[in-house]
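Bear in mind that the values in this text are calculations on the coordinates, not laboratory data. Quantities reported herein were computed from a predicted structural model and do not represent experimental measurements. Please note: Cβ atoms are built from the backbone with ideal geometry, for glycine as well, and neighbour counts cover all protein chains shown.
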Amino acid sequence: MDACTVRELGTTRDLLGESPCWDARSGAVCWIDSLAGTLHRHWPGGGESERHSLPAPVGSIALCESGAVLVALKHGFAHYDLSTRTLEAIAQIGTDHPDVRLNDGKCDPWGNFVAGTLHVHRQPGEPIGGGLYRLRPGGDVELLADGFALTNGPCFSPDGRTFYVADSPLRTIWAYDYSPHGPLANKRTFAQTDSFGSGPDGATVDAEGFVWSVLPRAGRMARFAPDGRVDRVVELPATHPTSLCFGGAGLERAFITSISKSTNLSGDRPQDGALFEVSGLPAPGLPPHRFSG
């Protein structure tokens, strides 16, 4: 088990906190309340915070090379300017199904953004809508894979050549061979989380190539070795933690988002919905990739 230190940051209480990312240029951690349509920025060093309003639901965010924020909205991607607080549409994913929306996403090392969908209220026999999409810096969108009921935890190995992504209802993290210019290949099972009693949620990869995945129904996060074995488990103070990123000056800390009341999970602890910081981890993280568009 773990010997980590966990503390709460700020005073936010998100309905569905998600998609944390570290902005090394400003020293702030950014994340969203997906259901409220709120983009948060918090400076751990000084304790300052700010909020921005976006159209809900928001699936995920990524930082851009320009200093703006890339936003995955319900059926498309947009560019959000933090200084002017303006939103500009970039591209659509090609579906307007009312029960399909974009969910978790992450940038690859080449400046593309890869995001997947979730399909709620699906009827027996109804095909799964949506899939995994890659947004290129020029605004082109391509479908990489389909058949994901609830996409979570996309992330990349240190060399970018292995792509990890979960289908949460299956309690499975998949691995693919990845090329920034070609299709996904060689799909295989990387890890299964049924023994934790939880599907996997947000994920990231550390500097040693180990995959960290948050387990929302278990109140934990787990570290998986490159061969898929469980290396370490960290208990978290939230009933339902959701996602993580590495941050801080040396990328030695993890920032964890959580749920107070989502569409299907509710927490009963006073700190549920908060942002948490975890220190004392076995390895630092990797510098976050930015969207090149």
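From the set of residues in region 219-241 that are over 20 Å from Gly280 (Cα atoms) and touching a Gly at 6+ places or on another chain (Cβ under 6 Å), which is surrounded by the fewest Cβ atoms within 10 Å (Cβ to Cβ)? So the residue we want is Pro226.
Among the residues of region 11-37, those that are farther than 22 Å from Pro287 by Cα and in contact with an Asp or Glu (Cβ under 9 Å, 6 or more places away or on another chain) comprise Thr12, Arg13, Asp14, Leu15, Leu16, Asp33, Ser34, Leu35, Ala36. Which one of the conditions (1) surrounded by 17 or more Cβ atoms within 10 Å (Cβ to Cβ); (2) basic (Lys, Arg); (3) part of a loop (DSSP other than H, G, I, E, B) does Arg269 fail to meet, given that it meets all the rest? Evaluating Arg269 over (1) surrounded by 17 or more Cβ atoms within 10 Å (Cβ to Cβ); (2) basic (Lys, Arg); (3) part of a loop (DSSP other than H, G, I, E, B) leaves (1) as the failure. When residues in region 5-57 are screened for being closer than 23 Å to Val233 by Cβ, surrounded by fewer than 17 Cβ atoms within 10 Å (Cβ to Cβ) and not charged (D, E, K, R), 1 of them pass. The single condition from (1) charged (D, E, K, R); (2) within 27 Å of Trp31 (Cα to Cα); (3) surrounded by fewer than 19 Cβ atoms within 10 Å (Cβ to Cβ) that Arg188 fails is (2).
Using the structure shown, decide if Gly129 is assigned to a loop (DSSP other than H, G, I, E, B), out of contact with any Pro (no Cβ under 8 Å at 6 or more places or on another chain) and of a type outside the set (S, T, N, Q). Criteria met by Gly129. Within region 94-118, residues that are in contact (Cβ under 8 Å) with a residue 40 or more places away in the chain and surrounded by fewer than 16 Cβ atoms within 10 Å (Cβ to Cβ) reach no partner that is of a type in the set (A, V, I, L, M) and outside any strand (DSSP E or B) with beta carbons closer than 6 Å at six or more positions or on different chains.
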